[in-house]
Structures are given as C-alpha cells and as structure tokens.
Amino acid sequence: MSPKEPKEPLAPSDRGILILTSLAESEKHGYALMKDIEAFAGVTLQPATLYSALSRLESGGLVEPLPAVERRKPYRITPAGSRALHRNLSESAEIARVGLQRLALNDR
Amino acid sequence: MSTRRAIRLMIALYPRRWRRRYGSELEDLVLEAIEHRDSSTTVVLLNLVQGVANERLRALPASAPLIAVALAGVVTMTDLGLREGRSSTPRASIASILRAPSDAPAFTLRPRTRSIGSVQITLDPLTGAAVAVTGAPANVVIDPGTDQPESVTQRSSH
C-alpha cells in the first residue's frame, strides 16, 4: 500500500463531520443541529462545542449562514463542504472495511 | 447570580471578534438547551469554559506558547470533566454514521491535534491526554501518556 497524500489543511474534525452530515440533509439552526446529531449519532454536542465547530467550518468555507428566521440563524453546507464530507466519509469507509475484514480473519 | 447572567458572563470572555459574530446565537442556543432540559446548567457552564479556552487558544499569537500550553490544559481538563458528566453513552464516531453494527465498538481513529502558533499538541482521541508536542520552547515539557495537569511542567533553566 502506498503512503497517503498529506491531508488538506481544512480537513474537518469529527465534530465537523457530524455537523456536515446533518447539514447534508437540509439547512438547520443550532438547536435543530443538536437534536439531529443526537438522533443519528447518539451524541449530544453541547452548545459551545457546536458553535466552536461551526465557526471553524464557516471560516473554512464548508458551511455558510443564511438569513435569520425569528432570531435563529440557519446554516447550510457549501459545495466545498459536500466535497470534504464525501472525501472524509469515503476514507473512513475504507478504514472500516479493512478493519472489519481483518477482525473477521482473526475470528476464523 | 442568575443562570442567564452567568451565561452572559462566560460568553463575554470569548474573543471579541468571535463573540460579535456568534455570541447572541450561542446564548440563545444555551438557553434553549437548558429550557428543554437537554443539558444541565453545570454541564453547559463547564462547556462554556472549554469553549472560551478553545477560542482564546485559537486567537493567540504565535509568540505566546506558554499561555497556549496552559489553555490547552484547561481544554483537556474540561473535556475530561464533561465526559464524566455526560448522561448518555457517547457513540459519536464515523463508524456510527456508516451504520456500523450496534454491538460494534465505535471509536475515533485519528488523534486530535491543537496548533498554537508554532506549537503542535497531539491529544489521544480516547483519553484526551497529550501524547506528543512539537515546536514547544526548550523549557516546556509535556510528559507523554498522562492526562494530569501536573504533566505540563516548566523545566528550570540551569
């Protein structure tokens, strides 16, 4: 196996991946993001953690804010965010595939 | 002190630029999370301490590595505190997104890193302990493999 290329500087964190995965479905404001992530990943991202990750994603151009609706500002994933999410999940899927394959070999 | 006042006080400690952009949104979300009983006030306040340290770390100039190491310690300690305070079992992982079997252990594979100017701190993804530091000044030592605040020490110069 050849060594991998170095990661791009804006590789999103795992929390960022959770947020991007949520926004891949539809635009959401902070509380909707919290509840959706809790539902699909079983994790409660606390408010400060969520906004810390959101601010990084926004400064990296991976998400963008939309005009506020009743004080709540929704966010949506950008095309760059979709590409980053796709790349990251593909890599993780490959790691999961290899890991599960090796575990299965050990179980024989 | 009322909860709202404590929250506002914590948010006031964020770097000005960050606070102006996200402060009111964060305050609304914190109050909403408490109102819906998604989080206890203690957990939310501890999380805000961590958030302040995180954003202060991010805003630090490269010429302040010692402050950076101290703030990294706050982030690590509050992270460990929040782990203790979680009410539900954390299952966050890429594996869960990929719908791994429910009986399979879900974990983060990559170590987390914090960059503060020229200093790069690598944290163990499971324990939050500093496992590697590069670019730190010669008089700063972080013992690898420990998660105690005492592990960050300043070597006396002789």
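Each reported figure results from applying straightforward, stated rules to the coordinates on display, with no laboratory input. This structure is a prediction, so every number in the text was calculated from the model and none was measured. When we count neighbours, we look across all protein chains shown, and the Cβ atoms used for this are built from the backbone with ideal geometry, even at glycine.
The table for this structure:
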{"item": "Cα gyration tensor, segment B:1-40 - rounded (a/c under 1.5), prolate or oblate", "result": "oblate"}
{"item": "Normalised alpha carbon radius of gyration of segment A:9-108 [divisor 2.2 N^0.38 Å]", "result": "1.22"}
{"item": "Likely footprinting exposure, B:LEU45, B:LEU29, fewest C-beta neighbours within 10 Å first", "result": "B:LEU45, B:LEU29"}
{"item": "Förster radius 35 Å - calculated FRET efficiency between A:GLN101 and A:PHE40 (Cβ-Cβ, nearest 0.05)", "result": "0.90"}
{"item": "Fewest-first sequence of A:ILE95, A:ILE77 by Cβ atoms within 10 Å of each Cβ", "result": "A:ILE95, A:ILE77"}
{"item": "Prolate/oblate/rounded label for segment A:67-108 (Cα gyration tensor, a/c 1.5)", "result": "oblate"}
{"item": "Sequence-separation-based contact order of chain A, relative, with Cα cut under 8 Å and 6+ spacing, percent", "result": "27 percent"}
{"item": "Computed E for A:SER82/B:ALA12 - FRET, C-beta separation, R0 30 angstrom, nearest 0.05", "result": "0.25"}
{"item": "Cβ neighbours within 10 Å from other chains - mean over B:25-34", "result": "6"}
{"item": "Residue order, fewest to most surrounding Cβ atoms within 10 angstrom, among B:ARG5, B:ARG21, A:ARG87", "result": "B:ARG5, A:ARG87, B:ARG21"}
